[in-house]
Amino acid sequence: MAAPKSPTPRFAAAGQGHHRHLLLHVVRCFPPETPPPPNSILSLLSAVPDWADAVQERRVRERRRLYDHDSWRVHRSSRRHLRHFLSSLSSRVILSLVPPVSAFTAFAAAIATYNTLLPDYALTASPLPYQLTAPALALLLVFRTEASYARFDEGRKAWMRVLATAADLAGMVMVMLMHHPPPPPPPPPPAGGAAYYYYSSPSQAAHPGGRGRRRRPTPAAAAAASDDDDDDDDDLLRRALLNYILAFPVALKCHIICDSDVKGDLQGLLAQDDLDVVLASKHRPRCIINFISQTLHMLDLDQHKRSIMESKLSCFLQGIGVCEQLIGIPIPASYTRLTSRFLVLWHLTLPVILWDECKWIVVPATFISAASLFCIEEVGVLIEEPFPMLALDALCKQLHDGIKDAMALQDSVHARLLAKTTTTTNKGRAARARGGDDDDDDDDNNRRSTDNGWPGQQLRNRRRSQAG
């Protein structure tokens, strides 16, 4: 007997139909909001400021370069004024001033047109308020620019301390790499080889060529091999430590500069597994400091050297603090707003104040005044964030190239000094083998000191006169 069909699907279908009817009713009562059509006038008015902002942000992201002798020669050239004037249209400061300067100039032209068409109802006023408030505006602009430059100088000094500390730490690591002695060679075995290898049984020692021979290293050989492995590990750790130190300024630069390519900048400095850990970290400079600190604890260093190197990390932490403070805490916004409002009110009323004396000259006068005063204020705003103004990429590259050149030069100088020491030692041994007297040795030493730039000739003449 077939089981009766359950009425559940019918009820479910009825419920779904009711739900669709209710949803349709709600949609009819509350239609979805459609975005309002864009206002063509507002879009046209905002097109110029948007263009100026895009140009300014694109110029901010450009990499700066360090000055060399040729750059300074061009910088102080007598043709610099003409060059700067001809490049005005490509200046990001001037391009960013296009919106406000053009707006105030157009407003001055509108006021001049109104006063010309309706002379009986002309908008004029006494220039006395301007004479009283001009010093206040000048002080506002001067203090604003000085405060911004103080921030720029503080950021520059913080970066110089970070780079100097990185160079100092890298120099210490390079000295450790150079003076790290190679593992002592194992003692040569005697004729039977029993001193370097010992056998598991006397029979094997008596028959070293037997088939069941099993040679095992002596404790001294095993210790030498273990020391060799430890030295190799320490050498790898030292080289990794040098890379971590060089990677810290790059990570700090990417931390404080917007839209930086962290992975691309650190690709050649860190191993892939270390790079993955740094990229996964929320605070990449502190992650690299953690790498440096743990590597120092893993190295076989005496406590004094480790303490000196760990004390250098406090300069890194201080640099992070200063950079984050400059990025996160601007000049008080109330001061910036006050300066901006003062400038706007000043130039809105300037055509009214100057109309009686200047007439239509108020238009170029307003243009010149707005371009000059807003340019000063714009420079203060730009250098308020100091790090895009600094050549951080060039400074990091200069540090890397300097360390690389120092390592190559260090190896060359070390090999040269070893050659000199070997030559001097061989000469001394040969002189002692010939049975030379002390005077000849003194003369030889004085001659060597003279060759090295020391005044040995006077000492040699004094001894000869005393002997005579």
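The values are calculated or read from the model by the stated rules, or taken from the named source; none is laboratory data. As the structure is a computational prediction, the values presented were derived from the model and not from experiment. Don't worry about glycine lacking a Cβ; one is built from the backbone with ideal geometry, like all the others, and counts go over all protein chains shown.
Is it true that some residue in region 300-312 is more than 26 Å from Met176 (Cβ to Cβ) and exposed (fewer than 13 other Cβ atoms within 10 Å of the Cβ)?
Within region 300-312 (the criterion being more than 26 Å from Met176 (Cβ to Cβ) and exposed (fewer than 13 other Cβ atoms within 10 Å of the Cβ)), the answer is no, since none of the residues qualifies.
Which pairs turn up if I take residues in region 269-282 that are at positive phi and surrounded by 15 or more Cβ atoms within 10 Å (Cβ to Cβ) and look for partners that are part of a helix (DSSP H, G or I) and of a type in the set (Gly, Ala, Ser) with beta carbon separation below 8 Å, at least 6 apart in sequence or on another chain?
none
Among the helices (runs of 4 or more DSSP H) contained in region 303-388, which hold 2 or more residues that are modelled with pLDDT of 90 or more, over 30 Å from Val162 (Cα atoms) and in contact with a Phe, Trp or Tyr (Cβ under 8 Å, 6 or more places away or on another chain)?
Of the helices (runs of 4 or more DSSP H) lying wholly inside region 303-388, those with at least 2 residues that are modelled with pLDDT of 90 or more, over 30 Å from Val162 (Cα atoms) and in contact with a Phe, Trp or Tyr (Cβ under 8 Å, 6 or more places away or on another chain) span 333-358, 362-384.
Scan Arg286, Arg306 and give me the residue that is within 18 Å of the chain's Cα centre (by Cα) and charged (D, E, K, R).
From the options Arg286, Arg306, the qualifying one is Arg286.
In the set Leu252, Leu242, Leu237, which member is modelled with pLDDT of 50 or more, of a type in the set (A, V, I, L, M, F, W, C), more than 24 Å from Leu392 (Cα to Cα) and in contact with a helix residue (DSSP H, G or I) (Cβ under 9 Å, 6 or more places away or on another chain)?
After applying the criteria, what remains is Leu237.
Would you check which residues across region 283-293 are under 17 Å from Ile257 (Cα atoms) and either in contact with a His (Cβ under 8 Å, 6 or more places away or on another chain) or buried (at least 20 other Cβ atoms within 10 Å of the Cβ) (or both) and list them?
His283, Arg284, Pro285
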